[in-house]
Amino acid sequence: MTKGKTIAGLIEELRTFDDQELEVRISTDDGVTTHPISLVGRQDGACVLMRCLEPPRRRWWHAWR
């Protein structure tokens, strides 16, 4: 897969889940391991889903979003 989903495409797919209270997780190794999504932001014209081990530093978070 070379092109990722758009925000609209992701929302459309998420709406197909019957249980809308499911936790959303992310994997970068084909589902072998998963991690909860901590933050959603913008970076270089893209929507970025992040897993943060610690709360973001206030100055960094304001610059990133």
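Order these by the 10 Å Cβ neighbour count, fewest first: Val32, Val48. Walk me through the numbers before you get to the answer.
Working: Val32 7, Val48 12.
The fewest-first ordering by Cβ neighbours comes to Val32, Val48.
Within a 10 angstrom radius of the beta carbon, how do Ser27, Ser38 rank from fewest other beta carbons to most? Walk me through the numbers before you get to the answer.
Working: Ser27 10, Ser38 14.
Lowest count first: Ser27, Ser38.
Within a 10 angstrom radius of the beta carbon, how do Thr16, Thr6 rank from fewest other beta carbons to most? Don't skip to the end; give the middle numbers.
On the way: Thr16 6, Thr6 10.
Listed from fewest to most nearby Cβ atoms, that is Thr16, Thr6.
Roughly what would the spin-label model give for Lys5 and Glu54, points 7 Å off Cα along C-beta, in nm?
3.1 nm
Below 10 angstrom from the Cβ of Thr34, what's the summed charge of the other residues (Lys, Arg +1; Asp, Glu -1)?
Values: positive: Arg25, Arg51; negative: Glu23, Asp29.
That works out to 0.
Quick note: the coordinates plus some simple rules give every number you see, no bench work behind them. On a predicted model such as this, the values are computed, not experimentally measured, just so you know. Heads up, the Cβs are rebuilt from the backbone with ideal geometry, glycines too, and the neighbour counts pull from every protein chain shown.
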